[in-house]
1. In the set [x] 30.2; [y] 28.9; [z] 26.5, which value of mean projected area of the Cα convex hull in nm² was calculated from the structure you see?
2. Answer rounded, prolate or oblate for segment 427-486, using the Cα gyration tensor with square roots of eigenvalues a ≥ b ≥ c: rounded when a/c is under 1.5, else prolate when a/b is larger than b/c, else oblate.
3. Based on the alpha-carbon gyration tensor of segment 60-153 and its eigenvalue square roots a ≥ b ≥ c, which shape applies: rounded if a/c is under 1.5, prolate if not and a/b is larger than b/c, or oblate?
4. Students often get this wrong, so check it: of K60/K186; K60/K416; K172/K369; K138/K186; K369/K527, which have C-alpha atoms separated by over 32 Å?
5. Which net charge results when you count Lys and Arg as +1 and Asp and Glu as -1 among the other residues whose beta-carbon is under 12 Å from that of H24?
6. Give me a comma-separated list of calculated 3J(HN,Hα) values for segment 382-394, in order, Karplus coefficients 6.51, -1.76, 1.60 applied at θ = phi - 60°, integers in Hz, x for any Gly or Pro.
7. Taking every DSSP beta bridge that has both residues in the chain, what percent is antiparallel when rounded to the nearest 5?
8. Report, for segment 411-524, the % of DSSP beta bridges that are antiparallel, rounded to 5.
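Each reported figure results from applying straightforward, stated rules to the coordinates on display, with no laboratory input. Please read these numbers as outputs of a predicted model, since none were measured by experiment. Note that we place each Cβ from the backbone using ideal geometry, even for glycine, and neighbour counts take in every protein chain shown.
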Amino acid sequence: MTTVQDPSGTDGATDPVVDIRDLHISFATDADPVRAVEGVSLHVRPNEVLAVVGESGSGKTVTAKSILGLLPENATVEGAVVLAGNDVVQLSPAQLRQVRGRDVAMVFQEPSSALNPVFTVGWQIAEGLRAHGEYSRKEARARAVEILGTVGIPDPEDRVDHYPHQFSGGQKQRIVIAMALALGPKVIVADEPTTALDVTVQAEILDLLRRVRDDFGRAIVLITHNMGVVADLADRVAVMYRGEVVEEADARELFANPRHEYTQHLLGAVPRLGVHTTDWAPGPSAAPGDPAEPVVAARDLQIAYPGRLGRPGFRAVDGVSFTIAPGEVLGLVGESGSGKTTIGRAIVGLTRATGGSLQVLGHEMVGYKERAFRPLRSRVGFVFQDPATSFNPLLTVGEAIAEPLLIHGRATDAAKARPRVHELLDAVHLPTHYADRYPHELSGGQRQRASLARALALDPELLVADEPTSALDVSVQARVLEVFSELQERLGFATLFISHDLAVVGMLADRIGVLYRGHLVEQGTDKQVLTDPQHPYTQRLLASVPVPDPVEQERRRTALAAYRASEA
């Protein structure tokens, strides 16, 4: 291995475990090379969490992957990435295999794609142990059980033989962290480890990562766009913009006194609990005593999924009652499995309501016939959580937006629909020539805005938006929310806004409903729910939300720990 001596001559105990020096990374393409990283220098010391933040395309993930030598073959790397005294850039593939797992490990963003669905989790942990030749089969299994228990998986002796699909999202993330910890690496690279998790599960994963730092003495490189997570966990923060580190500081100093204009912009775009921005005020809701019929009226709504192979069915929604008035935004929040997406899908006829009453635009959805509901579909729009999978990759963006117009006879062909497509793209602040691009040629935020344009193509009276900003960078999320609010205020459509991000819901919603295990446990105005929650679950939900202020977040973390202790 190529060894690089630290010229500082400092004591080894305080030497960086990772020292990146003047790193340049470019990717060869059919056109000109793409320069992803330009002269980045960073270091991480033992027992330290360095957060690398920035929007998509800033180079943060590319920089992190360089620590493990995981860059593709078309990458050209200049500079040094010194890991435990070895320059990773100079290592051979065989030497890199020895380094990965023992000196550095990675926690990937999406555990479902990182775990192999056909092997048990115990086998997958043991595979990494045995690959380094230090454990027998029996010892590797015992270590897998031990490490699963360490990261908080209940009954690890039994669960070690379970498959990934038998675990919840939060448990799968714990398993991926267990795999990273198995060989005791000096540094762990965590790439967006909490992006798709509910706030309550996210708080548990952050506590686990804090234990990894404090109890195991590991250094962590945290890649994230969630500034609340940064405030909760990071010791130092490096802000990247267009391949360069534009600011680096202690976490408290950076949040209290951001110096670079981009850092100020990034922090300014973060949604904050209880803040209802003037520019993003919600659309007009029905006034008290307004005789207008509600767009949606649920009364004792029940939605059950039938059992299979003689097993009893599962009741996902149980006795839920709410209304949505014309022009009103109702925010629906709750953790995964609470029933919020099920309600949204039932409203647009994608899931059958099985009991109670669900009136949508005057049409009863319990026991509805598809033929009777079909004419109403043009009056309801749906914005999916992941536009990358909801767009047909074989259609251009323009063809995808025009599709509802053709299906419902508003246009006879794509050419006739073109003016309306351009009008919709302009409404969501996308250039009209994007109509000729394919979905994969747009960024995440651009795809989400195109998805909003498609949902509004038929001028719906009701829009159901299911987690439309959950995976977006804060600056991109801010832009999408701004466009959404502007259109809602101008066009006046009613909205069911489904999210697990209470700060986002608080910015947009007139009223908020809180779902817990299929029950609507609290309902009120955004101010009532976010500043004076009555139900214990709502209180725990709010206490779990990380805020972009390290001092305040430390106080909230202490309060959450006390709250959990009182529940135990």
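1. [y]
2. oblate
3. Verdict is prolate for segment 60-153.
4. K60/K416; K172/K369; K369/K527
5. -2
6. 9, 10, 7, 5, 10, x, 4, 9, 8, 8, 6, x, 8
7. 55 percent
8. 50 percent
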